[in-house]
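I am attaching a structure below and will ask some questions about it afterwards.
The values are calculated or read from the model by the stated rules, or taken from the named source; none is laboratory data. Note that this is a predicted model, so its numbers are computed, not measured. Cβ sites come from the backbone with ideal geometry, for glycine too, and all protein chains shown count toward neighbours. Heavy atoms of the whole protein, side chains included, go into the accessibility calculation; ligands, DNA and RNA do not. Shrake-Rupley method; radii C 1.70, N 1.55, O 1.52, S 1.80 Å.
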2 protein chains.
Amino acid sequence: MKSVKVGICGLGTVGGGTFNVLKRNAEEITRRAGCAIEVIQVATRARNPHCDTSNTLITDDVFAVVTNPEVDVVVELIGGDTIAKDLVLQAIENGKHVVTANKALIAVHGNEIFAKAREKGVSVSFEAAVAGGIPVIKAIREGLAGNRINWLAGIINGTGNFILSEMREKGRDFADVLAEAQALGYAEADPTFDVEGIDAAHKLTILASIAFGIPLQFDKAYTEGITQLTTADVNYAEALGYRIKHLGVARRTADGIELRVHPTMIPADRLIANVNGVMNAVMVNGDAVGSTLYYGAGAGMEPTASAVVADIVDVARSLSIAPEARVPYLAFQDDALSSHPILPIEQCESAYYLRIQAQDHPGVLAQVASIMSERGINIESIMQLEAEEQEGLVPMILVTHRVQEQLINEAVTELEKLDSISGAVVRIRVEQLA
Amino acid sequence: MKSVKVGICGLGTVGGGTFNVLKRNAEEITRRAGCAIEVIQVATRARNPHCDTSNTLITDDVFAVVTNPEVDVVVELIGGDTIAKDLVLQAIENGKHVVTANKALIAVHGNEIFAKAREKGVSVSFEAAVAGGIPVIKAIREGLAGNRINWLAGIINGTGNFILSEMREKGRDFADVLAEAQALGYAEADPTFDVEGIDAAHKLTILASIAFGIPLQFDKAYTEGITQLTTADVNYAEALGYRIKHLGVARRTADGIELRVHPTMIPADRLIANVNGVMNAVMVNGDAVGSTLYYGAGAGMEPTASAVVADIVDVARSLSIAPEARVPYLAFQDDALSSHPILPIEQCESAYYLRIQAQDHPGVLAQVASIMSERGINIESIMQLEAEEQEGLVPMILVTHRVQEQLINEAVTELEKLDSISGAVVRIRVEQLA
């Protein structure tokens, strides 16, 4: 039986998981792939105590893998987008197929990488870059190939979802839960990528490209984190029948594509509103299929390895296939990508939850209502929480109908000028995901 | 640009949907597939008022499509397993690739069909046969290819799920909801296939084969319907923190594969317990990825067409590919299927909910407990509902730990012999799906 020869660059969490899954499930994988998948070289600086590499060629130079003439498939699992980029480009240059779990690399340098790979006729696979073990790239790129995708929305950062789940379930503060997440190893020592939405924006950028057939445009994604969320708003959302999730949302409109990551209120009875803890889920709405949802572990050693290995099996199958018969990198043929623009956030549309600290006298509501109506912003519901009056101020909560963000920006500016309003207006976008 | 030529057999709900989706999304599909997909012939006896077939060659003879030398891909959407079988076998004989949405055909005759297709080097695709528009076949067959699948559990019949959702949400009787489902067109005039679990067993048979790499063995699936479920049990389940769903469950054990469709109590906080109405969802648990879930519309014109078209795109891509480089029919290479047996239901294992009408005197509980303990059946919880006493009888509800079905059968036989018990013992299997 022929075998496909794999070199793994990086033997950390995902690399170690990939090494172990390939070994443990070798028989099962061979029965599927029709050929053995053999790890012939691993590049790592440190031993991984979870991996028995005693029969494997180890190098501490990742570039030794991409120059190894025996290697068919380079699996890039070192992360980051500097060395990883050089590594992947050199692998491609040397005619190797590439599998990577690196979302930053694909989101930021994917267009360049795919151009090079096309030139060299090799595949670059990245299922593990989005939502860990959930085969959502395959689902969108192949499983929904008959659809015009309307929108997608995903919980695609486990750390953020763990924090929000704990805040809601236990009434805990953001900072408190973050500290615990760091202690548990869910969050990095520097949590910026997770809690500021950068990691989610990388993944959303990739999902939007394969859903709508547009080039990767990470620099145009709008990104807002969860660091400013308070338990007060988490609880008000609950009272209104909503949950707050840190969502990546991509939507096709006539004017362009919305591409945005931010805290989002969604109806509590939606399936995705009930995805808790570190789990991930992505909803995809297509014109034929309607709404679908894909759920599973978005990170972790073996869940991510599951996606890496699936990609390796796909590559193993396609080694003998003409490049033009393969599924295109971004789901759409490389010469058929669309120039439909990414919309600036001001032109994106959603409903809004606004929370105002207002003086408790009768005229305020009229002032607020008039600021909204002057801009054509329809109010769906309004709540004044008299019972929570403090120092003459009561929380006033508005939920609007769908409206363009720039109108809300104007309204918020006007609201904050009112003498009867204290402090900043809190604003959370609302999506029905119907 | 080259084009792939499709002949559609059957222009009913799914056939009409497929015709329309291919037409409406032609540009989007071509951008993905890299070639045009052209419907050059449709076989139908009646016009479909939703389809504009004015520029399409129409025949009333389905066999005219499989003998048409221009046709590359035959799309079988006539249903049933008599004419459809002849049609598919002839199409294969004539060297056509086949796409079908026909679960009965694949579950019952799949082994024969795939053997013939292998001989002729053509593909047979059937994503639409299970869970409508949800790309769950692709997810298991390719997306989870690195895993040893442990188990899967699915809500794979929309009619049954609609009925159970209504019974729970509105306290309605089975017969009452069934009549409404028939009026709404969710249920057939003869609902046997849906409510007796036969349709679900067809789908489960297919899912189990691609998950575990075993031949299709529909005749060995255990099938139990929902016709005997009462609102009383639906409510008791709720009180215990469970929901009743009509699940197809397939599980790998050391002794064999469990393959069973039956009403199942699952914890109310599981995501799949919150899949309501006509929607479908499949949970798949793999050794690397853990639990994943796939959700969407399990039936309907365009959702099912979405899956059919995805298969057509896959076939279009693989036309030039050597048969051995394609994904195998049942996920595993044809010569690598396993002979791991399907277990008879008596050897399957689950927890059980038992409801007994017992006389309201102190000795009964001891009698019941002793029958269970003699067989080593551990009781997790027991409830006597004194408040519901009627004519001296009170409902007694037991939930057991996991145990082999044959032990429960024995216990139930013994329980029903007791003078202090009235009528039959109600039994519902319980799965944690953890």
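Which count do you get for residues in segment A:235-250 that are farther than 23 Å from A:L144 by Cα, open to solvent by less than 10 Å² (accessible area, probe 1.4 Å) and among the hydrophobic types (A, V, I, L, M, F, W, C)?
In the first step, residues of segment A:235-250 are kept if they are farther than 23 Å from A:L144 by Cα; the result is A:235-246.
Keeping just the survivors that are open to solvent by less than 10 Å² (accessible area, probe 1.4 Å) gives A:237, A:245.
Those left that are additionally among the hydrophobic types (A, V, I, L, M, F, W, C): A:237.
Adding up the residues that qualify gives 1.
Then there's this: Kindly list the number of the only condition in (1) assigned to a helix (DSSP H, G or I); (2) of a type in the set (A, V, I, L, M, F, W, C); (3) closer than 23 Å to A:Q217 by Cα; (4) open to solvent by 10 Å² or more (accessible area, probe 1.4 Å) that fails for A:F162.
(3)
Could you check segment A:136-155 and list, in sequence order, the residues that are more than 9 Å from chain B (Cβ to nearest Cβ) and among the small types (G, A, S)?
Result: A:A153, A:G154.
Okay, moving on. Looking at (1) of a type in the set (G, A, S); (2) under 19 Å from A:R429 (Cα atoms); (3) not in a strand (DSSP E or B), can you tell me which one A:A307 breaks?
The one condition A:A307 does not meet is (2).
Of the residues that sit in segment B:251-286 and are β-branched (V, I, T) and open to solvent by less than 10 Å² (accessible area, probe 1.4 Å), which one is farthest from the other protein chains (Cβ to nearest Cβ)?
Filtering segment B:251-286 down to residues β-branched (V, I, T) leaves B:253, B:257, B:261, B:264, B:266, B:272, B:275, B:278, B:282, B:284.
With the extra rule that they be open to solvent by less than 10 Å² (accessible area, probe 1.4 Å), the set shrinks to B:257, B:261, B:264, B:266, B:272, B:275, B:282, B:284.
Working: B:I257: 14, B:V261: 22, B:T264: 19, B:I266: 14, B:I272: 9, B:V275: 7, B:V282: 11, B:V284: 9 Å.
Looking at the filtered set, the residue picked out is B:V261.
Which of (1) closer than 23 Å to B:S318 by Cβ; (2) open to solvent by less than 30 Å² (accessible area, probe 1.4 Å); (3) of a type outside the set (V, I, T) does B:R31 not meet, given it meets every other one?
For B:R31, the failing item is (2).
Please pick out the residue among B:I377, B:I321 that is touching a helix residue (DSSP H, G or I) at 6+ places or on another chain (Cβ under 9 Å) and not assigned by the TED database to the domain that holds B:S125. First the steps, then the outcome.
Working: B:I321 fails: not assigned by the TED database to the domain that holds B:S125.
After applying the criteria, what remains is B:I377.
Looking at B:R31, B:R45, which is the one that is farther than 17 Å from B:D72 by Cα, in contact with a strand residue (DSSP E or B) (Cβ under 6 Å, 6 or more places away or on another chain) and not in a strand (DSSP E or B)? Show your work before the answer.
Working: B:R45 fails: in contact with a strand residue (DSSP E or B) (Cβ under 6 Å, 6 or more places away or on another chain).
Step by step, each of B:R31, B:R45 is checked, and only B:R31 is farther than 17 Å from B:D72 by Cα, in contact with a strand residue (DSSP E or B) (Cβ under 6 Å, 6 or more places away or on another chain) and not in a strand (DSSP E or B).
Does B:P303 satisfy being touching a strand residue (DSSP E or B) at 6+ places or on another chain (Cβ under 8 Å) and at the interface with another protein chain (Cβ under 8 Å from one of its Cβ atoms)?
Working: touching a strand residue (DSSP E or B) at 6+ places or on another chain (Cβ under 8 Å): yes; at the interface with another protein chain (Cβ under 8 Å from one of its Cβ atoms): yes.
For B:P303, the condition - touching a strand residue (DSSP E or B) at 6+ places or on another chain (Cβ under 8 Å) and at the interface with another protein chain (Cβ under 8 Å from one of its Cβ atoms) - is met.
Output the number of the condition that B:I382 fails; it satisfies all remaining conditions of (1) in a strand (DSSP E or B); (2) open to solvent by less than 60 Å² (accessible area, probe 1.4 Å).
(2)
Inspect all residues belonging to segment A:368-376 and state whether any of them is surrounded by fewer than 20 Cβ atoms within 10 Å (Cβ to Cβ), closer than 29 Å to A:G248 by Cα and within 11 Å of chain B (Cβ to nearest Cβ). Quick ask: steps written out before the conclusion?
Residues of segment A:368-376 surrounded by fewer than 20 Cβ atoms within 10 Å (Cβ to Cβ): A:369-371, A:373-376.
With closer than 29 Å to A:G248 by Cα added as a condition, the list becomes A:375-376.
Pick out the ones that are also within 11 Å of chain B (Cβ to nearest Cβ) and you get none.
Looking for residues that are surrounded by fewer than 20 Cβ atoms within 10 Å (Cβ to Cβ), closer than 29 Å to A:G248 by Cα and within 11 Å of chain B (Cβ to nearest Cβ), one finds none in segment A:368-376, hence no.
Return yes when B:C51 is at pLDDT 95 or above and either of a type in the set (G, A, S) or surrounded by 24 or more Cβ atoms within 10 Å (Cβ to Cβ) (or both) and no when it is not. Quick ask: steps written out before the conclusion?
Numbers: at pLDDT 95 or above: yes; either of a type in the set (G, A, S) or surrounded by 24 or more Cβ atoms within 10 Å (Cβ to Cβ) (or both): no.
Against the criterion (at pLDDT 95 or above and either of a type in the set (G, A, S) or surrounded by 24 or more Cβ atoms within 10 Å (Cβ to Cβ) (or both)), B:C51 does not qualify.
Return the pairs, sorted by first residue and then second, in which the second residue is of a type in the set (S, T, Y) and surrounded by 14 or more Cβ atoms within 10 Å (Cβ to Cβ), the first residue lies in segment B:321-339 and is within 9 Å of another protein chain (Cβ to nearest Cβ), the beta carbons are less than 6 Å apart, and the residues are 6+ apart or on different chains.
The qualifying pairs are B:R326/B:S123; B:R326/B:S318.
Could you please give the count of residues in segment B:60-112 that are more than 18 Å from the chain's Cα centre (by Cα), under 16 Å from B:A307 (Cβ atoms) and without any contact (Cβ under 8 Å) to a residue 60 or more places away in the chain?
Of the residues in segment B:60-112, 1 are more than 18 Å from the chain's Cα centre (by Cα), under 16 Å from B:A307 (Cβ atoms) and without any contact (Cβ under 8 Å) to a residue 60 or more places away in the chain.
If you don't mind, another one. Name the residues in segment B:386-414 that are over 17 Å from B:A351 (Cα atoms) and without any contact (Cβ under 8 Å) to a residue 60 or more places away in the chain, would you?
Filtering segment B:386-414 for residues over 17 Å from B:A351 (Cα atoms) gives B:386-395, B:413-414.
Matches in segment B:386-414: B:E386, B:A387, B:E388, B:E389, B:Q390, B:E391, B:G392, B:L393, B:V394, B:T413, B:E414.
Continuing with this model, one more query. Give A:V74, A:V14, A:V21 a once-over and let me know the one that is part of a strand (DSSP E or B) and either crowded, with 16+ Cβ neighbours inside 10 Å or in contact with a Ser or Thr (Cβ under 7 Å, 6 or more places away or on another chain) (or both). It would help to see each step written out before you state the result.
Working: A:V14 fails: part of a strand (DSSP E or B); A:V21 fails: part of a strand (DSSP E or B).
Result: A:V74 is the single residue among A:V74, A:V14, A:V21 that is part of a strand (DSSP E or B) and either crowded, with 16+ Cβ neighbours inside 10 Å or in contact with a Ser or Thr (Cβ under 7 Å, 6 or more places away or on another chain) (or both).
Continuing with the same structure: With the condition kept exactly as written, say whether any residue in segment B:113-135 is among the small types (G, A, S), outside any helix (DSSP H, G or I), more than 14 Å from chain A (Cβ to nearest Cβ) and surrounded by fewer than 24 Cβ atoms within 10 Å (Cβ to Cβ).
Keep residues of segment B:113-135 that are among the small types (G, A, S), which gives B:115, B:117, B:121, B:123, B:125, B:128-129, B:131-133.
When the remaining residues are screened for being outside any helix (DSSP H, G or I), the result is B:121, B:123, B:125, B:131-133.
In the following step, the residues that additionally are more than 14 Å from chain A (Cβ to nearest Cβ) were identified as B:121.
Next cut, surrounded by fewer than 24 Cβ atoms within 10 Å (Cβ to Cβ) only: B:121.
Scanning segment B:113-135 turns up at least one residue that is among the small types (G, A, S), outside any helix (DSSP H, G or I), more than 14 Å from chain A (Cβ to nearest Cβ) and surrounded by fewer than 24 Cβ atoms within 10 Å (Cβ to Cβ).
Let me ask something else about it. Mind checking which residues of segment B:278-293 are of a type outside the set (G, A, S) and touching a residue at least 24 places away in the same chain (Cβ under 8 Å)?
If we filter segment B:278-293 for residues that are of a type outside the set (G, A, S), which is where we start, we get B:278-280, B:282-285, B:287, B:289, B:292-293.
Within segment B:278-293, B:V278, B:M279, B:N280, B:V282, B:M283, B:V284, B:N285, B:D287, B:V289, B:T292 qualify.
If you don't mind, another one. Can you tell me which condition B:D81 does not meet? The list is (1) at pLDDT below 95; (2) assigned to a strand (DSSP E or B), and all the others hold.
Result: B:D81 fails condition (2) only.
Can you tell me which of (1) over 16 Å from A:N274 (Cα atoms); (2) over 16 Å from the mean Cα position of the chain (by Cα); (3) crowded, with 19+ Cβ neighbours inside 10 Å is the one A:S209 doesn't meet?
Tallying (1) over 16 Å from A:N274 (Cα atoms); (2) over 16 Å from the mean Cα position of the chain (by Cα); (3) crowded, with 19+ Cβ neighbours inside 10 Å, A:S209 fails exactly one: (2).
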